[in-house]
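Data first, discussion second: the structure below is written as structure tokens.
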Amino acid sequence: MVFGTLAASLLAGCVSLAPAVHVPDDAAVVRLMAGAQVQGLALAVIEGGQIVKVTAYGWRNAERRLPLTNDSIMYGASLTKTAFAYMLLQLADEGKLDLDASVATLLPRPLPDYRTKDHDYGDLAGDPRWRAITPRILLTHSAGFANFRWLEPDRRLRIHFDPGSRYAYSGEGFYLLQLIVEQGLGLDAGAEMQRRVFDRFGMRHTSMRWRPDFAANLADGYGADGTMEPHDERSRVSAAGSMDTTIADQARLWAGIMRGEGLSSRARADLVRAQLPIRSRHQFPTLAAEEGTPGASLAAGLGLVTFRGDSGSGWFKGGHNDWTGNMVLCLEDRRRCVVLLANDVRAERIYPQLARLVLGASGMPWCWEYSWYETAQAIHTKHAPATGALP
């Protein structure tokens, strides 16, 4: 069974394995992919805000033997959220958006009056706590919403705790941020992302909505059972996760974010500042009870998660659906990042190893990010030699 055979190799976050290697050997990446049956994976390495490696491995469509390339269109998933946060910080720098203003003052009408087909806020009419919600609270995933309203038993939006009091990951919060941009500021969210982020960093193959020219080099997805899922043509802009992109463009994005290009030094520091302690044992399920402080000193930044580990301060953002596994992990003090995109969700099981090849010991809280990680630890502990070394 793949899960069992991989268990020992999944412990890079908690067991010392190998010294840091800034640029991973391609053969090592291919071996890890083969062990996890990963069809396609792309990797970028950033050092000091500069791109030092961009490589794609495997297939964008295994059935048709179409290779994944640096310019293959891949689904960015929730990496979109950090890019959107970066755009919002530009608006804040320009005095157009107050991150600490109530949504009640940022929208021309009371929030419950907005009742579109896709995002109906009428459910909040009986809960005055919506007035306490601010852009900063939404960016730190602390509005009290479920990840998505359709996960609620009655599929209705509700506030589960006082806004700003705790972390609970929520795509709904980014839908509301988009509403503020579009209805409160009168801006086109897709156009602002294109101008302020994608064009700024030279991301020629990235968009918040589907483009016909993407079809010529498109990566289809692969699920945990290896089943292929055709790439979705997302026609609507979604701040929570509609970005189509490439590994070459993502390298440009995260290198630019590491440099702080387009932001004041104050705004760039705010992006990665620990703003709200995270006390949940795992990221998902999002509304699970808090159980104390995880070992990596986790906290919410703005559209990302910060931690303090073996190499000082760091931050990360994942992007996931049933056929996609993405991860960006950056060591702020070392100014070093690894960017990982995969059109195969099974790639997430080798990300701890890949990240360690690039960054060395980072203190990345894999146990919090991925719910399967503790199971892998338990398997390794049960079968490891008495020395504690990996078999």
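What the table below lists for this structure:
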item	result
Residue match in the stretch 46-56 (condition: polar (S, T, N, Q) and closer than 18 Å to Asp232 by Cα)	no
Residue list for the stretch 148-183, restricted to those being among the aromatic types (Phe, Trp, Tyr) and surrounded by 16 or more Cβ atoms within 10 Å (Cβ to Cβ)	Tyr167, Tyr169, Phe174, Tyr175
So Gly186, is it surrounded by fewer than 14 Cβ atoms within 10 Å (Cβ to Cβ), farther than 26 Å from Leu271 by Cβ and of a type in the set (Gly, Ala, Ser)	no
Residues being surrounded by 17 or more Cβ atoms within 10 Å (Cβ to Cβ) and modelled with pLDDT of 95 or more - total across the stretch 10-50	14
Yes/no for Gly241 being over 20 Å from Leu97 (Cα atoms) and under 20 Å from the mean Cα position of the chain (by Cα)	yes
Single residue of the stretch 277-303 satisfying the filter (in contact with a strand residue (DSSP E or B) (Cβ under 9 Å, 6 or more places away or on another chain) and crowded, with 20+ Cβ neighbours inside 10 Å) that is farthest from Phe84 (Cα to Cα)	Ala296
Listing of strands (runs of 3 or more DSSP E) fully contained in the stretch 262-356 that carry 1 or more residues being of a type in the set (Ser, Thr, Tyr)	305-309, 312-321, 324-331
Test result for Ala77, farther than 20 Å from Gln250 by Cβ, among the hydrophobic types (A, V, I, L, M, F, W, C) and surrounded by fewer than 24 Cβ atoms within 10 Å (Cβ to Cβ)	no
Residues (in contact (Cβ under 8 Å) with a residue 60 or more places away in the chain, among the charged types (D, E, K, R) and farther than 24 Å from Asp100 by Cα) located in the stretch 290-338	Glu290, Asp322, Glu332, Arg335, Arg336
Any pair with Cβ under 7 angstrom, 6 or more apart, that starts in the stretch 242-262 at a residue that is more than 15 Å from Lys53 (Cβ to Cβ) and ends at one that is small (Gly, Ala, Ser) and assigned to a strand (DSSP E or B)	Asp244/Ser207
Thr306, sole failed condition from (1) in contact with a strand residue (DSSP E or B) (Cβ under 8 Å, 6 or more places away or on another chain); (2) on the phi > 0 side of the Ramachandran plot	(2)
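The values are calculated or read from the model by the stated rules, or taken from the named source; none is laboratory data. Here the structure is a predicted model, which means the values were calculated and not measured. We place every Cβ from the backbone using ideal geometry, glycine too, and count neighbours over all the protein chains shown.
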